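Read through the structure below, which is laid out as structure tokens, and then see the notes.
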């Protein structure tokens, strides 16, 4: 209840009766002051799940620089929460043989795993799986669809 009350006050106009968001309630600016560390970790993990896909170029499995900040955030979370584990799912577009696509998906998932380990995440916290072309994110037979299917997904 206290969280709901603070949440509704955050959007209410300030008439001067409240000096700070959640004043006197132990709430911080994120509304998480009275949450246990486990609840805070769960909330942070849910936020990370909204930005959890690494896309790859055709037939490539190297991590592009535009995904570094996102992966760094996941690495920071995992280092700070050693009880959490992540599965990296590797995917490919529909072109190529099933064997090639499974192998490419595995190399993509492993590239993400190695990146996270390079940032200090324990290998015990990371598992990988490859689905090849079996679980497309987008159906279609053009570059727009293919580019969305060449990916690795971090799943907690």
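Just so you know, all these numbers are worked out from the coordinates, no wet-lab data involved. Because the structure is predicted, anything quoted here is derived from the model rather than measured. Here Cβ is always computed from backbone atoms with ideal geometry, including for glycine, and neighbour counts include all displayed protein chains.
List of remarks:
- This ranking places 107, 42 by how few other beta-carbon atoms lie within 10 Å of each, fewest first, which gives 42, 107.
- Judged by the mean number of other Cβ atoms found within 10 Å, the most tightly packed of the peptides 108-114, 124-130 leads the ranking 108-114, 124-130.
- Counting neighbouring Cβ atoms within 10 Å and putting the fewest first, the residues 88, 121 line up as 121, 88.
- Packing rank of 74-82, 135-143, where each peptide gets the mean count of other beta carbons within 10 Å, highest leading: 74-82, 135-143
- Cα gyration tensor, the stretch 37-155 - rounded (a/c under 1.5), prolate or oblate: prolate
- Where a label projected 7 Å from the Cα of residue 156 along Cα→Cβ would reach, residues of the stretch 118-137 with amide N under 16 Å: 121-122, 125-127
- DSSP bridge pairs, the stretch 37-155: antiparallel proportion in percent, nearest 5: 55 percent
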